[in-house]
Amino acid sequence: MEKKKAFSAKRNTGTLFTIPVVISLVILCIIIFCAVFAPLIAPYDPVYQDISAAHSGSTEAHILGTDSVGRDLLSRLFYGGRTTIVGGLAIISLSILLGLPIGLFCGYYGGIIDSIFMRICDILLSFPSMLLAFVLVAGFGRGSMNNAIIALGVIYVPGLARLVRSLTLVEKNKIYVEALRSMCYSDLRIMFVHIIPNCISSVIIQLTLDMGYAVLDLAGMSFLGFGVQAPTADWGNMLNEGRGYLMQQPMLAILPGLCIIALVVSLNIFSDGLYRYLEPQQRKLPTFKKYDRMREKALRKAGVKNDE
Amino acid sequence: MFRYVSKRVIQLVIVFFIVSILIFAVVRMTPLDPIASISKGKAMSEETRLALMREYDLDKSWAGQYFSWIGGLFRGDLGKSFQYREAVSDLLSVRYKTSVQLVAMSTVMIVFLAIPLGVISAAHKNSLLDQTLTVTSLVFVSSPPFFTGILLMLLFTMVWPIFPTFGTGSDFWSNMKYLFLPSVSLAAVRIALSMRITRSNMVEQLQAPYIQTATAKGLSRRTIVYKHALKNAAIPIMTVTALDISGMLGGSVLVEKVFSLNGVGSLLADSITKSDYPVTQSITLIMVLVFMLCNLFVDIMYGIIDPRVRLD
C-alpha cells in the first residue's frame, strides 16, 4: 500500500513512460516475445541442416535465407535471442548474488572484512575487465557456455559490490536504522528487510545497464569461440559464422549484429529512463509554465472553473 | 607531491605481484594436460614425456614455476610457448608493434574526437547537433567492436575501396593505412562513451555558480567553456580515458581477429584456444601492467591538476 502511494506521489513531477522509453520497451518486448516463444513461431529447427538449400537468399521457404549449411536464418535469430538473453540474465544474476551480500556486509559491518573484500575488489578492478574474463575462461576450460557465463559474472561483481557498499554506508547512519536497532531488530533483518529496499532502485538501474554490457561481452566471447559453441544459435556466434561469407551473403553477419544493437540500445535507454524516474534529484522540476498548465488541468478535471 | 607519487608506486608494485600470482594460479586451473598441447595430442614414450616436462619447467613445483616465470620477466625471458615451441618474448617482439600502433591510433582518435565533440555538445546543449550526437553515440556504445569492424569491412570493400581491410603493411607509415579501419572500429565504442561522459560533466560544470560569476565578469563564452569549465571537468574525463585504454586492450583481441591482424591480441585468443598457458599468462600480465601504469599516470596527473588530491 505504502509503496503505491509513494509512486503516485512521484508521478506528479515525472513519468517513466517518456517516448524513448516506450519505444525501447516495445523493442524489448518484441525481442523477449520472439525469444520466449521461439519454438512456436520459428518456422524451422535452428540446428536442422538442409544442405540442398544452403546459401539460399530470401526465398518463399526461407524468408531471410539460409546459412552455409542450410540452416534457416530467421529461426536461428529467434533461438539466438533466447541464448543471448538467458546468458545475459545469468551473468547479471550471478553478479547480484555475489555482489549484493558482499557489498551489504562490507558496508554494514565495516572493519577488517570490509577492507579485505574491498582490496579484493581493487585487485579485480585493476584488470581490464574483458581480460579478466579471458584469463578465467582459460582457467575454467574454454568452449562451454557455462564457463563463459561464470567468468563474465565474476567481472561484474566488484563494481556492484562497491555500489551496494557505498549505498549501505549512507543508509546505515540514517535515523530509521538507529530506531530499528533500538527496537532490537537483528542485523540481518535490518540489512535485508530495511536497507535493501531503500537502495534497491540504484541497484536495479545499474543492473539494467550491466545487462546491456553483459550481452555485448557474451557476444564477444562467443565470437572468439570461448562462449556458446557452434551448433547452438547465439547472436555472437552467428556473427562469427557469418563473417566467413561476408562478400557472398552479408545478411548472415549483419542481422545478428543489428539484433544485438537493438537489444543493447533499448536496454540502455530503458536504464536511462529508470534512472531519471527513480533518482528524484535527477528529475527536472517542472517549469513554472508547465506547473501552471498542470494545475489548470487538475482543476478542470476536478470541476472547478476558477479557484480564486 | 613526492609522498603522493611514492605511495601510488608502492601500491602498484604490491598489486602487480598479487595480480601475477592470481593470473598464474587461474591459468593453471585448466583441465587440459599441458604435455598434450605441446605434442598436439600425439602419443609418446615416457622418456620423451619427461624430457618435455624438463624442457618446459613442468617438473618443478608450482612455486618453482612461478618464481622462474616472474624472475624471467625481469630478464625479458617469459618461458616457451607450447604450440610454437618458441620463446614467448620472441613471439611478442614480432607482434607487439601492430597492437601498440593500433591502440595508439585509437587513443589519438578518442582524445581528438570524443573530448571536443563532448564539449561542443555540452556548450550547445539541446541543439540539433547535440541531439544528433547523443543518439549516434548511443548506437555506437551498443555496437560490439567486432560488428562495427564487420560493417566497416563491408563498406570499404564493396562500396568505397580506399582502405585495405585485412593484413598489415611493412613499416610504420604503410601500417597507418592498414590499421585505419581496425582502429576506427576499436575506437568507435570508446569515442561514444567518452563523449557522453565529457558532455555530462561539462553540462554539470556549466551550471555551477562560478560560471555565472565568469559570465557576470563579461568573459567570452569561449573562455568560459574552454578555460574554466573544461579544466574543472578534466578529472572525470581523464579517468574515463584511462578506462578507455583498458577497454581497448580487451577490445583489441576482438578487432585483431576480425581484421586478421597479426598482433598480441590475436595471439592471446589463439593461446587460450590451444591452452598455451605460458603465452596466456605473459600477455595478460603485460596488458594488466600497461593498464596499471596508465592508471598511475592518471593518478599523478590528478595530483598536478587538483592539489586537494595530494592531501589524502
Number of the exception - B:ILE300 against (1) away from every other protein chain (no Cβ under 14 Å); (2) at pLDDT 80 or above; (3) surrounded by fewer than 22 Cβ atoms within 10 Å (Cβ to Cβ); (4) closer than 29 Å to B:HIS124 by Cβ: (4)
Flag if B:VAL288 is within 9 Å of chain A (Cβ to nearest Cβ) and over 19 Å from B:TYR84 (Cα atoms): yes
Tell me, please, whether a residue that is away from chain A (no Cβ under 12 Å) and not polar (S, T, N, Q) can be found in the range B:249-266. yes
Facing another protein chain (nearest Cβ under 10 Å) and either under 24 Å from B:PRO145 (Cα atoms) or among the aromatic types (Phe, Trp, Tyr) (or both): which single residue out of B:ALA269, B:ALA242 fits that description? B:ALA269
All-but-one check, A:LEU169 against (1) open to solvent by 40 Å² or more (accessible area, probe 1.4 Å); (2) in contact with a helix residue (DSSP H, G or I) (Cβ under 6 Å, 6 or more places away or on another chain); (3) more than 22 Å from A:ILE92 (Cβ to Cβ); (4) within 14 Å of chain B (Cβ to nearest Cβ), failing number (4)
Filter the range A:113-145 for residues that are without any contact (Cβ under 8 Å) to a residue 24 or more places away in the chain and more than 19 Å from A:GLY99 (Cα to Cα) and give the result. A:LEU131, A:VAL135, A:ALA138, A:GLY139, A:PHE140, A:GLY141
Check the range A:111-122 and report whether any residue there is β-branched (Val, Ile, Thr), away from every other protein chain (no Cβ under 14 Å), open to solvent by 40 Å² or more (accessible area, probe 1.4 Å) and more than 21 Å from the chain's Cα centre (by Cα). yes
Out of (1) assigned to a helix (DSSP H, G or I); (2) open to solvent by less than 50 Å² (accessible area, probe 1.4 Å), what's the single condition that is false for A:PHE226? (1)
From the list B:SER183, B:SER170, B:SER174, B:SER194, which residue is over 28 Å from A:GLY244 (Cα atoms) and either away from every other protein chain (no Cβ under 12 Å) or modelled with pLDDT under 85 (or both)? B:SER194
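The values are calculated or read from the model by the stated rules, or taken from the named source; none is laboratory data. Not measured: the values here are computed from a predicted model. Cβ atoms come from the backbone with ideal geometry, glycine included; neighbour counts cover every protein chain shown. Accessible surface areas use protein heavy atoms only, side chains included; no ligands, DNA or RNA. Shrake-Rupley method; radii C 1.70, N 1.55, O 1.52, S 1.80 Å.
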